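K.L.:
One structure coming up, written as structure tokens, with questions to follow.
The values are calculated or read from the model by the stated rules, or taken from the named source; none is laboratory data. Predicted, not measured: the structure shown is a model, and the values here were computed from it. Neighbour counts are summed over all protein chains in view; Cβ atoms, including those assigned to glycine, are modelled from backbone coordinates with ideal geometry. Calculation scope for accessible area: heavy atoms of the full protein, side chains included, ligands and nucleic acids excluded. Shrake-Rupley method; radii C 1.70, N 1.55, O 1.52, S 1.80 Å.
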Amino acid sequence: MAVVTVLRGVSHGRLPLLPHSQLPIVRPGNIAYRNRPNVLRVFARYSQAQDLFTSRLQDRLENLPKLVEDIVQTSLSTGPRGALRLAQGVQAVVGVGSEWLQDVSKTAKSSTGLPTQLQLGLLSPLYLRKLFERMGATYIKLGQFIASAPTLFPPDYVQEFQYCFDRAPAVPFEQIQTILREELGRPIDTVFEYIDPTPVASASIAQVHGARIRGTGEDVVIKVLKPGIEDILVADLNFIYIAARILEFLSPDLSRASLVAIVKDIRESMLEEVDFNKEATNVESFRSYLEAMGLTRQATAPKVYRQYSTKRILTMERLYGVPLTDLDSIKSLVSSPETSLITALNVWFGSLLACESFHADVHAGNLWQLRDGRIGFLDFGIVGRISPKTWAAMEVFLQSIAIEDYESMASALIDMGATGKDVDSKAFARELEKIFLSIQDLDTEIIVAAARDTSTNATTVAANVAFDERQMNALFLDVVRVSESYGLKFPREFALLMKQLLYFDRYTRLLAPNMNMYRDQRINVVSNQRRRNIYQ
């Protein structure tokens, strides 16, 4: 049979790996019986390898037109801005490459040899992060995506790219004014009687300015997309997409790692974040949830002024308050910080199913104790969407945390993750127990500052909390690392949910140190039927 298979391959025009003169001729009479099985195995392996090669080649040829079409369409949508970004990219590579060469030169003088960081060159976490920062907004956002997706990227890269969350330099106010005039379609002073030229905040893609609406006197904030960011994003993301498509074409094994799917997820997520119409919809959806659940006296999100908002600018009600980590200021606003935390937890947990999307970035800058006693949810640029399957497993997972049932926790994670092999759930449970017990050892640094008023001689003491983001991510990475060792891969929404739970864990340590947020009866960690049916 093996010989027949080889001949069949040749008769159909398949090129053999050896010329005909080098192919062994098999005749029953001239081969000892004891050697015949070995010869047959050689021919079988040869045939299988040839068939596999031919099959892969045919698959690539079939996919080639689609690849070319994708590249052409993506290149056309990029336009001339692609050439500019290419030049900027070369400049960035040269700059970071020079830094790497200098570091190599310094280290080469020692006898210890080059560390791994330098051996990897520009692909190492440190130099790749520096390259991303030089490349600007798109790559900074990509770095933030890497830092927020430990289920997809190696731990060293996730930790290094935490630095991409640092404050970005502000754009001159004159450029912001130009964008406002273009988007409003009329003189700025006909809409706003005042805009503070000093930004309230500046991020990689946008910056925020305080303002007052003419006529009504309402205080608002205006979120403005930085000039040129959209063109840069489109050019960069298209380039990354083409690179991923070509890599998958050249190495089909990468398709198993879903490289193109990951890039598509990144592209959709980032382009959605720069479309302020979508962010406005996210805010309004959350406000509708609060109204439907009767929670408007406990929590709020900024009112959106649609008439003064476009894809590039977002005008919202200005909320006044303090971050949920400013303990002393919170005590001056409410009698029980613990009650405020419980409210924040219940509102956020309730939104997981009642809203189409959930707030996926509840760090201290986006979760405030307002002056009127309510909890304020700010900045809905990053949201998550949770599938029913993930949420069903997540409910079991959260319940198991509450009762410290690590076997149920392991089972929930197994149900949530994708795996192609059987998992030893008991061994997995023991590993998880070690990790979650280590949460108790995490340090929360309380910063106490005292100030004296010279006129009254009174002393004010303020307490705040310093979050170690790297420490929080290291904890989550431990969960991911152990899970992956058992062959589990989690959906991205799991990473987003876990990140928010870690934020709330830190708030709990500051505002209610004696409370267990998974066991406390005042907190509705899992959904109830009313939340399930709210929009049906």
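K.L.:
What does the net charge come to around residue 497 if you take all other residues with beta carbon closer than 13 Å to its beta carbon, with K and R at +1 and D and E at -1?
P.N.:
Net charge in that neighbourhood comes out at -1.
K.L.:
Not counting ligands, DNA or RNA, and with a 1.4 Å probe, what is residue 331's accessible surface area in Å² rounded to the nearest 10?
P.N.:
Roll a 1.4 Å probe over it and residue 331 shows about 120 Å².
K.L.:
If amide hydrogens are placed 1.01 Å from N in the peptide plane, which non-local residues have theirs closer than 5 Å to the one on residue 201?
P.N.:
Answer set, sorted by chain and number: 208.
K.L.:
Could you give each residue of segment 335-350 its phi-based ³J(HN,Hα) in whole Hz, using Karplus coefficients 6.51, -1.76, 1.60 with θ = phi - 60°, and x for Gly or Pro?
P.N.:
7, 9, x, 4, 5, 4, 5, 4, 4, 4, 5, 5, 5, 5, 4, x
K.L.:
Could you tell me which of rounded, prolate or oblate describes segment 281-335, using a ≥ b ≥ c as the square roots of the eigenvalues of the alpha-carbon gyration tensor, with rounded for a/c under 1.5 and, failing that, prolate when a/b is larger than b/c and oblate otherwise?
P.N.:
oblate
K.L.:
While we're looking at this one, here's another question. What net charge do the residues around residue 128 carry, taking every other residue with its C-beta under 13 Å from that of residue 128, with Lys and Arg at +1 and Asp and Glu at -1?
P.N.:
-1
K.L.:
Identify all lysines with a Cα-Cα distance to residue 106 below 21 Å; exclude those on the same chain that are fewer than 8 residues away in sequence.
P.N.:
Counting by Cα, and skipping residues close in sequence, residue 106 has these lysines nearby: 130.
K.L.:
Moving on to the next point. Beyond 19 Å between alpha-carbons counts as too far, so tell me which of 223/311; 331/499; 426/499; 223/278; 264/499; 226/278 fall in that bin.
P.N.:
331/499; 426/499; 264/499
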